[in-house]
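J.: Here it is: the structure, laid out below.
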Amino acid sequence: MALTESYMLPLGTKAPEFYLTNTTDNKKNGLNELKGKNGSIVIFMCNHCPYVVHLIDNIIKTAKKYVSKGINTIAISSNSIKTHPQDGPEEMKKLAINKKFSFPYLSDQTQEVAKKYSATCTPDFYLFNKDLELIYRGRYDDSRPGNKKPITGKDLHNAIDHMLNEETNNSKQYPSMGCNIKWH
């Protein structure tokens, strides 16, 4: 595991389209059919990363909290399944079913989508508005495995709430931090 910070993709960047297999039903889905009416959270994550494991239950709560406000969550795993088979589609499906994900968990086996988004670590959070323009990228909050800070989601939630209220978010955006994406 190499601790890696996320690349801070420029705000205003248009979300790159993708078509990926949803591991829970084996159907291909595109961004335009999965996006939320009022915005979309795209998370690059995986099954094994301790930083994802630390946040997963709260990520699930965030998705449930905001879906009723027109914000859809989309999770994508881009790790190499050659080096990390625990992040392959079958294991992703098991995790999604076991944790009762209310959002799709997509497999990016070619890693093309991660490259389009400049994703570098897991978890890596992106918030796009209804026009699929990037308005937040970075961390969930300042909690990390072992630092004993409570998991609040304050950074991501603050950005979502500002977006929903059509307010400018002047809060500093900090990079996410976690395991590096396992490239082929």
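J.: When DSSP beta bridges are limited to those with both residues in the chain, what percentage is antiparallel, rounded to the nearest 5? Kindly include the intermediate steps, with their values, before the conclusion.
T.: Working: 22 of 31 bridges.
Close to 70 percent.
J.: Only four residue types carry charge here, +1 at the Cβ of Lys and Arg and -1 at the Cβ of Asp and Glu. Report the dipole size of the chain about the Cα centre in Debye, rounded to the nearest 20.
T.: Value, rounded to 20: 340 debye.
J.: Additional query: Give the relative contact order (percent, whole number) for the range 33-109; include only Cα pairs under 8 Å separated by 6+ residues. Could you put the intermediate results ahead of the total?
T.: Working: 109 pairs, mean separation 29.3, N = 77.
Once divided by the residue count of the range 33-109, the mean separation gives 38 percent.
J.: Do any cysteines in the chain lack another Cys Cβ under 4.7 Å, and if so which?
T.: Here CYS46, CYS121 come out as lacking a disulfide-compatible partner, given the Cβ-Cβ threshold of under 4.7 Å.
J.: Loop-only trypsin sites (Lys or Arg not before Pro) in the range 1-109, please: DSSP not H, G, I, E or B, and at most 12 other Cβ atoms within 10 Å.
T.: Answer in residue order: LYS37, LYS82, LYS100.
J.: Also, I was wondering about something else. Work out which GluC sites (Glu not before Pro) in the chain are exposed loop sites (DSSP not H, G, I, E or B, at most 14 other Cβ within 10 Å) and give the longest gap free of them.
T.: The segment 18-165 is the longest one with no such site.
J.: Rounded to the nearest 500 deg cm²/dmol, what is the calculated helix-only ellipticity per residue at 222 nm for the chain, with -39500 (n - 2.57) per DSSP H run of length n ≥ 4?
T.: Details: 5 runs with 49 residues, N = 184.
My calculation for the chain gives -8000 deg cm²/dmol from helical runs alone.
J.: LYS115 versus SER102, label points 7 Å from Cα toward the beta carbon: distance in nm?
T.: With each label placed 7 Å out from Cα toward Cβ, I get 3.6 nm.
J.: Using Cα pairs closer than 8 Å and at least 6 residues apart in sequence, work out the relative contact order for the chain, in percent. Numbers along the way, then the final one.
T.: Numbers: 387 pairs, mean separation 60.6, N = 184.
About 33 percent, as a whole number.
J.: Shifting gears a bit: Could I have the simple spin-label model distance between GLU5 and HIS184, label points 7 Å from Cα toward Cβ, reported in nm to one decimal?
T.: Result: 3.0 nm between the two label points.
J.: Next question, about the same structure. Using +1 at the C-beta of Lys and Arg and -1 at the C-beta of Asp and Glu, which of SER118, HIS48, LEU9 has the Cα lying farthest in the positive direction of the dipole of the range 3-180?
T.: It is HIS48.
J.: Would you please give the FRET efficiency between LYS149 and LYS64, computed as 1/(1 + (r/R0)^6) with r the Cβ-Cβ distance and R0 = 35 Å, to the nearest 0.05?
T.: It comes to 0.95.
J.: Turning to a different aspect of this structure: Based on the Cβ-Cβ distance of GLN86 and ASP161, what FRET efficiency does E = 1/(1 + (r/R0)^6) give at R0 = 35 Å, to the nearest 0.05?
T.: Values: r = 35 Å, r/R0 = 0.99.
In this case the efficiency is close to 0.50.
A short reminder: the numbers here are calculations on the coordinates, not readings from a lab. Since this is a predicted model, take the numbers as computed values, not measurements. FYI the Cβ positions are ideal-geometry reconstructions off the backbone, even for glycines, and counts take in every protein chain you see.
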